[in-house]
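Beneath this line is the structure, given in structure tokens, with notes to follow.
The values are calculated or read from the model by the stated rules, or taken from the named source; none is laboratory data. If you're wondering where the values come from, they're calculated on a predicted model, not measured in any experiment. Neighbour counts are summed over all protein chains in view; Cβ atoms, including those assigned to glycine, are modelled from backbone coordinates with ideal geometry. The protein model used for the area step is the full one, side chains on, heavy atoms only, and it has no ligands, DNA or RNA in it. Shrake-Rupley method; radii C 1.70, N 1.55, O 1.52, S 1.80 Å.
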Amino acid sequence: MKKQLITLFSTLIFSISVQAQEFTPKQLEQVKQVRENALNSELSWQLLESITTEVGPRLPGTENDKKAVAWAVEKFKSLGFDKVWTEPATFPHWRRYHESARIITPSEQPIHLSALGNSVSTPKQGITGEVVLFETLDELIAAPQDSLKNKIAFINYRMNRHIDGNGYGPAVRARNSGAVEAAKKGAVAYMMRSVSTAQHRFAHTGGSHYQSGVNKVPATAISNPDADQLERLITAGHSVSVNINVQSESLGEGTSYNVIGEITGSEFPNQYVLIGGHLDSWDLGTGALDDGAGVALTMAAAKHIKAVAQPKRSIRVVLFAAEELGLWGAKAYFKRHAGALDNIVAAAESDFGAGLIYGFESNVTANALPIVRAIAKQLAPLDIEYIRANAAHGGPDLIPLRAHHNAPIFALHQDGTDYFDYHHTADDTLDKVDPVKLKQNTAAYAVFAMMAANSKNKITPNSQ
């Protein structure tokens, strides 16, 4: 037992020693300065206010999307980034023009509805059909063939509320492929309860997809109170018919741009820390939470670092294009840089609103964990807990990176308890962001990026 304790103590001393060697006292003092500067700066709020007010909603392919690209280039340059450039990304260009719905029988009443991204149009007068309720996507899939002929399929799946948003994945399955499964059963249209934790009477939009060889039917989401209303009527034994009117258009292939700003490293300029968010947004709100906040706080974080000291490795802020329509900017970025992905020493994306960051997690090789613990120690004053699982997935725009390459991915977990009250709705506006929480996010990203760029040894990815 004594021998085991001595071994454990020796291992601990070695770990602390390695951690201390990774960063000099001067570097740690600079980290503290950056952290305090970010907590006392209005920069991230000013950037967020600017993009949501002066540009507004940024649906890929629209004039506002082009204005957002120009805005980002100008802001990067005015903030003093060493390099600023754009890279093209193509995507399926889609536009909504009109959407409405109403219950026809047993009594006429309005429904608050939104077309899902990529939805086809109804006829000009809309489509009317009897509503058939399913609790889950799997129940719809199990329905008999042709059982929904001339009817409207309605999935009433309720998303649960959780700090980490773990209800989103199961709920979004119905958004992605519900219209396909409804069409396979003969339905003329598809409705779903919004992927939402709110009881506000806002419909939540989001991406949806069709399948080659399957009839395309209009794909829509309705507000949660309206979903409850339909459920009550059907449960009470009424035959419920609804008219849906969606006018939208597929405009073929569109082009937008990833906008990239870099603080160039003083010793290892080709190696870089990748942080960022996505520049586009849905068209219903002004994209403050999704993802103006991520754009603003990562831009500000890099600026705060440069204001104190040039990092050893580069810090690259990537504002991805066309995320909402299917991660198109991220796919283009990682394809374009496929031959040099080993240069990424750490990657983290902010795309979960602007709630307080409560946890810090890595996905790195074991010999990089002392660096991770050193970063966690400097995040602790921000009330951020070190999550030791070492299994971070990162944000959505890092999915193409994870799919084809091992990379040192990090997650700065934000409190998403109320994020899905506003996500993809007309209510995603600047007033939903708390400036104090935004500052904490900015400080956390600044600490993380600065230390990852300045570590003595390069951070390496987990091989698992």
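See the values below:
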read-out: Cβ-Cβ FRET estimate between PHE268 and HIS238, R0 fixed at 56 Å, reported to 0.05; value: 0.25
read-out: Leading residue at positive end of dipole, the chain (Cβ point charges), from ASN270, MET191, TYR386; value: ASN270
read-out: Nitroxide proxy distance, nm - points 7 Å out along Cα→Cβ at GLU139 and THR86; value: 4.7 nm
read-out: Potential lengthening between GLN46 and HIS404 on full extension [0.36 nm per residue; Cα-Cα distance subtracted]; value: 125.2 nm
read-out: For the range 437-463 and the range 31-68, distance of Cα centres in Å; value: 20 Å
read-out: Estimated FRET transfer efficiency (ALA366, ALA70; beta-carbon r; R0 35 Å; 0.05); value: 0.20
read-out: Contour excess over end-to-end distance, with Cα ends at ALA389 and LYS458 and 0.36 nm allotted per residue; value: 22.8 nm
read-out: Relative packing of peptides 238-246, 100-108 - highest average C-beta neighbours within 10 Å first; value: 238-246, 100-108
read-out: For GLY359, residues with placed amide H under 5 Å, excluding near neighbours; value: GLU385, HIS413
read-out: Gap separating the Cα centres of the range 82-110 and the range 199-265, nearest whole Å; value: 8 Å
read-out: Backbone N within the range 131-169 under 14 Å of label point (7 Å from ASP228 Cα along the Cβ vector); value: 158-159
read-out: Antiparallel DSSP beta bridges within the chain, as percent of all bridges there, nearest 5; value: 55 percent
read-out: Per DSSP, loop trypsin sites (Lys or Arg not before Pro) in the range 383-464 with at most 13 further Cβ within 10 Å; value: ARG388, LYS456
read-out: Derived scalar couplings ³J(HN,Hα) [the range 302-311; Karplus, 6.51 cos²θ - 1.76 cosθ + 1.60; whole Hz; x for Gly, Pro]; value: 5, 4, 4, 5, 4, 5, 9, 6, 5, x
read-out: Amide proton proximity set for ASN390, modelled H, under 5 Å, gap of 5+; value: SER362
read-out: For the range 265-281, Karplus couplings with θ = phi - 60° (6.51, -1.76, 1.60), whole Hz, Gly/Pro x; value: x, 7, 10, 10, x, 7, 8, 8, 8, 9, 10, x, x, 10, 7, 7, 8
read-out: Karplus (6.51, -1.76, 1.60) ³J(HN,Hα), θ = phi - 60°, over the range 25-33, in Hz, Gly and Pro reported as x; value: x, 5, 4, 5, 5, 5, 4, 4, 5
read-out: Cβ-placed point charges (K, R +1; D, E -1), dipole of the chain about Cα centre in debye, nearest 20; value: 1260 debye
read-out: Length gained when the stretch GLN125-ALA380 is fully extended (0.36 nm per residue, less Cα-Cα span); value: 86.0 nm
read-out: The chain, helix-only ellipticity at 222 nm - DSSP H runs n ≥ 4, -39,500 (n - 2.57), divided by all residues, nearest 500; value: -11000 deg cm²/dmol
read-out: DSSP bridge orientation in the range 120-251 - percent antiparallel, rounded to nearest 5; value: 25 percent
read-out: Accessible area in square angstrom per residue, the chain, 1.4 angstrom probe; value: 40 Å²
read-out: Percent RCO, i.e. relative contact order, over the range 42-118, from Cα pairs under 8 Å lying at least 6 residues apart; value: 17 percent
read-out: Estimated distance in nm for a label pair at ASN160 and GLN33, the labels positioned 7 Å out from Cα along Cα-to-Cβ; value: 4.8 nm
read-out: Share, in percent, of DSSP beta bridges within the range 200-330 that are antiparallel, nearest 5; value: 40 percent
read-out: Accessible surface of PHE352 - all protein chains present, 1.4 Å probe, nearest 10 Å²; value: 40 Å²
read-out: Fraction of accessible area attributable to carbon and sulfur, the chain (%, probe 1.4 Å); value: 52 percent
read-out: Hypothetical label at THR255: residues of the range 294-335 whose amide nitrogen lies under 16 Å (7 Å Cα-Cβ projection); value: 321-322, 329, 332-333
read-out: Mean Cα-pair separation over length for the chain, i.e. relative contact order, pairs under 8 Å, 6 or more apart, %; value: 22 percent
